[in-house]
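Right, one structure below, let's go through it.
The values are calculated or read from the model by the stated rules, or taken from the named source; none is laboratory data. Note that the structure is a prediction, hence the values are computed from the model and not measured. When we count neighbours, we look across all protein chains shown, and the Cβ atoms used for this are built from the backbone with ideal geometry, even at glycine.
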Amino acid sequence: MTEKLVLVTGACGEIGQALVQGLAKQGGYKIVTADLAPLPDSIKSMSAEHAQGDLVYRIKTFYDYDFDVIFHLAASLSSKAEVASEDAHRINVEGTMQLLMLAAYRSEKYHKSVKFLFPSSIAAYGMASREVKKAAGAVKEDDYNTPHTMYGCNKLYCEKLGMYYSKYFGQKHLDENPPHMLDFRAIRFPGLISAFTLPSGGTSDYGPEMLHAAAQGKPYSCFVREDTKISFMAMPDAIKSLLMLLDVPREKLKHQVYNIAAFALTAGEFRDRAVKAFPGAQITFEPNPRRQGIVDSWPEDVDDTLARTEWGWSPDYDVDKFFDEYFLPEIRKRYGK
Ligand code: AKB
């Protein structure tokens, strides 16, 4: 069987490292990676080639490759993007547009479908107030699409760009619906938690930061209020969702952007779980107004009915399984506690 050629941008990030491992484990792919940083040793052997540098400036080199699949993970996350907004726009929007154009060009020219998998985010939503957030509960994809952050605006716009390049670019696919097209698929991820890597630059980071600190016996000052609630997911479920969505035949998909959910927790509930697992963990709450505002604008939970019905999505880890069967055993091995 010939291997499919896959590009993974942002390969050194949290999702990137876990995805490269997932693809390598599944087999059948030749993996090309791209990132600003050199590849960590843990995934070096899994990448056939690594392009190091700024994607926006390196895009021309990728025109020589015959990619079957592109996972475009490179991004500047929400907290970082808020303080360096022009830079974030360049990374998040320019980078995505350049890759979409490349994929659209290749699918047009060589009459083959190029799959483009895009991690969007709960940051694409914007709740007007805490009262609205509470009343809304689990939100559907088309509701509250009024992001309050540069990162959220970037993600929402890139979803639209993906739809544009896959459905309307050149304005000739409307009646044709040809099999050779850019096949854009996006997942709106909740806050992700890995037992192996730590996030940086995001705003859902308080969840994983708190747990990793508690596991190491380090004090942690949480930058949001105790009652702050958003949805979270174990990293293995995030990788499972990307690999599942990749394999769904296009005709089964009626949408291009999907919510996925696993469990929604307050920061206080995270603290309780951390203290139970690591008695003596020192966790305090000192809300940072800027970061608190960002998380308050994100929904408490998301409704993932579309993903469940159209491609059979369901998470492996609910909150108990996440702690008992994934996070705690792995983190204990990692930090020797
Ligand atoms: C962030 O906090 O910016 C990300 C996200 C929720 O997309 N983790």
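Only residues that are surrounded by fewer than 24 Cβ atoms within 10 Å (Cβ to Cβ) and either assigned to a helix (DSSP H, G or I) or in contact with a Gly (Cβ under 6 Å, 6 or more places away or on another chain) (or both): list them for segment 12-22, please. Hits for segment 12-22 are 14, 18, 21, 22. The set of residues from segment 179-218 being in a strand (DSSP E or B) and either within 12 Å of the ligand (Cβ to nearest atom) or of a type in the set (A, V, I, L, M, F, W, C) (or both) comprises 182, 184, 186, 187, 188, 189, 191, 192, 193.
The condition (being part of a helix (DSSP H, G or I), of a type in the set (Gly, Ala, Ser) and in contact with a His (Cβ under 7 Å, 6 or more places away or on another chain)) is satisfied by just one residue among 79, 107: 107. Cβ separations smaller than 9 Å between residues 6+ apart or across chains give the following pairs from segment 307-329 residues that are on the phi > 0 side of the Ramachandran plot to residues that are aliphatic (A, V, I, L, M): 312/244; 312/248.
Just checking, does segment 65-85 include any residue being charged (D, E, K, R) and without any contact (Cβ under 8 Å) to a residue 12 or more places away in the chain? Checked segment 65-85: no residue is charged (D, E, K, R) and without any contact (Cβ under 8 Å) to a residue 12 or more places away in the chain.
Contact map, segment 117-136: first residue within 9 Å of the ligand (Cβ to nearest atom), second residue of a type in the set (Asp, Glu), Cβ cut-off under 6 Å, separation 6 or more or different chains; pairs are 120/159. Restrict the check to segment 246-257 and report whether at least one residue is in a helix (DSSP H, G or I) and under 19 Å from the mean Cα position of the chain (by Cα). Yes, because at least one residue in segment 246-257 is in a helix (DSSP H, G or I) and under 19 Å from the mean Cα position of the chain (by Cα). Hey, any hits in segment 68-80 for a residue that's at pLDDT 95 or above, among the hydroxyl-bearing types (Ser, Thr, Tyr), buried (at least 19 other Cβ atoms within 10 Å of the Cβ) and more than 16 Å from the ligand (Cβ to nearest atom)? The answer is no, given that none of the residues of segment 68-80 is at pLDDT 95 or above, among the hydroxyl-bearing types (Ser, Thr, Tyr), buried (at least 19 other Cβ atoms within 10 Å of the Cβ) and more than 16 Å from the ligand (Cβ to nearest atom). Out of all the residues in segment 2-11, is one or more surrounded by fewer than 20 Cβ atoms within 10 Å (Cβ to Cβ) and outside any strand (DSSP E or B)? For segment 2-11, residues surrounded by fewer than 20 Cβ atoms within 10 Å (Cβ to Cβ) and outside any strand (DSSP E or B): present.
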